[in-house]
Amino acid sequence: MQRVEKMQRQAIKIEGLVKRFNDIIAVNEVSLEINEGEIFALLGPNGAGKTTIISILATLLKPTSGRAYVNGYNVVKEAEKVRKSIGIVFQDPSLDDQLTARENLDIHARLYHIPKEERRRRIREVLEMVELYERADSLVKTFSGGMKRRLEIARGLMHKPSVLFLDEPTLGLDPQTRRHIWNYIKKLKNEGVTVLLTTHYMEEADSLADRIAIIDNGKIVVFGTPSELKDSIGGDVIKIRCSNVSKLKDRLHENGFDAKIINGEIILHVNVAEKVIPKIFSLSSGIEIHSIMYKEPSLEDVFLHYTGRAYREEEASGIDRIRMRMVRR
Ligand SMILES: Nc1ncnc2c1ncn2[C@@H]1O[C@H](COP(=O)(O)OP(=O)(O)O)[C@@H](O)[C@H]1O
Ligand SMILES: [Mg+2]
């Protein structure tokens, strides 16, 4: 009976969630349902509200208003039950460098009152899963960034949570290590674990997630499977560089094309690029065309389409944000 009930439940349900920090609205009326066993990504630039959402779901922060349920439990009223059924890997590393991998896992398992024999078995299982069993008794300070991340994922899985939260699981890792970690996350899906991850890497969301919610300024801009999102903005994306972007844009508008200027280029979405490109040339008399490129839409184009802003992963790093502020001043 219980099992049937469980299968019918959403792993995560969020209704009109709001979180304010004084005058900052970090999460602004977010509603979302995440199915059991799916990999769901919250994708958005730095400061979008991703960590705040995960923190509320993991009962580490209280919402200002709205409701959220994990495994059917209310994250405020049934916080203890929520905590027992979830695992979390934080954005910032939280391992003890001076201990071995095994010791780090053992401490965690004791917090969950896992009996000794089971602890031993479980440590082996999770370390084998992330291919670190040979290093079980090495000090964590001797691990690379990727190994530490894998160990943190292993720790999040120690008590067999049915929902795992991963906050920026591959932040700062090199592309190869990143792929490695994606494989472990995909393996979890095969074991029926629901994964909610946050990322500001488009590629990560694209290759890993069953569904993605694009989040910007605390709001969900759009959500769906990666291909639904790309299909929703239509056939091809055309980018034009030319000697007078505003003039060409105006001519395109006069001819019914929804063209935008972004970073000094004209961007337009069309059904079939090959049919539109000759038209662009015919509208460009007196304007020098430097290049016309077209491609099928990427998630970057999806972000651009729904927010009107270009998505830059560099922009998401703290250093760049500071740089940008300085330019504005
Ligand atoms: N404890 C806090 N106090 C004040 N503001 C916060 C706090 N935590 C987050 N914020 C603000 O809330 C917004 C969302 O932050 P966050 O959820 O960390 O975004 P993300 O994880 O998408 O980068 C940001 O503007 C951030 O500065
Ligand atoms: Mg964050």
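The values are calculated or read from the model by the stated rules, or taken from the named source; none is laboratory data. Please read these numbers as outputs of a predicted model, since none were measured by experiment. Methodologically, a virtual Cβ is constructed for each residue, glycine included, from the backbone with ideal geometry; neighbour enumeration extends over all protein chains shown. Ligands, DNA and RNA are excluded from the accessible area calculation, which covers all protein heavy atoms including side chains. Shrake-Rupley method; radii C 1.70, N 1.55, O 1.52, S 1.80 Å.
Here are some notes:
- Straight-line reach from Lys19: taking Cα to Cα under 25 Å and skipping same-chain neighbours fewer than 8 places apart, the lysines in range are Lys50, Lys62, Lys77, Lys81, Lys84, Lys219.
- Gln176 paired with Ser243, simple spin-label distance in nm, labels 7 Å along Cα-to-beta-carbon: 4.8 nm
- The chain - share of DSSP beta bridges that are antiparallel (%, nearest 5): 65 percent
- Fluctuation leader among Leu157, Leu248, Leu283 - the chain, Gaussian network, Cα springs under 10 angstrom: Leu283
- Between Val270, Pro169, Ile292, the Cα set farthest toward the positive side of the dipole of the chain (charges on each charged residue's Cβ, about the Cα centre) is that of Pro169.
- 12 Å beta-carbon shell around Ser144, net charge (K/R +1, D/E -1): +4
- Two-site label geometry, Glu103 and Arg120: point separation in nm, points 7 Å out along Cα→Cβ: 2.0 nm
- Using a probe of 1.4 angstrom and keeping all protein chains present, the accessible surface of the range 2-225 works out to 47 square angstrom per residue.
- Straightening the chain between Ile289 and Glu191 buys 30.0 nm, computed as 0.36 nm per residue apart minus the Cα-Cα spacing.
- Neighbours of Asp250, meaning other residues whose beta-carbon lies under 14 angstrom from its beta-carbon, give a summed charge of +2 when Lys and Arg score +1 and Asp and Glu score -1.
- With only Cα atoms counted, the range 146-275 has Rg and Dmax values of 19.9, 62 Å.
- Proximal aspartates and glutamates to Lys189, defined as alpha-carbon separation beneath 14 angstrom and excluding residues fewer than eight positions away on the same chain: Glu36, Glu38, Asp210
- Estimated purely from DSSP H runs of n ≥ 4, each contributing -39500 (n - 2.57), the mean residue ellipticity at 222 nm for the chain is -11500 deg cm²/dmol once divided by its residues.
- The chain shape via C-alpha gyration tensor axes, a/c threshold 1.5: prolate
- Dipole size of the range 1-126 about its Cα centre, with +1 on Lys/Arg Cβ and -1 on Asp/Glu Cβ: approximately 440 debye, rounded to the nearest 20.
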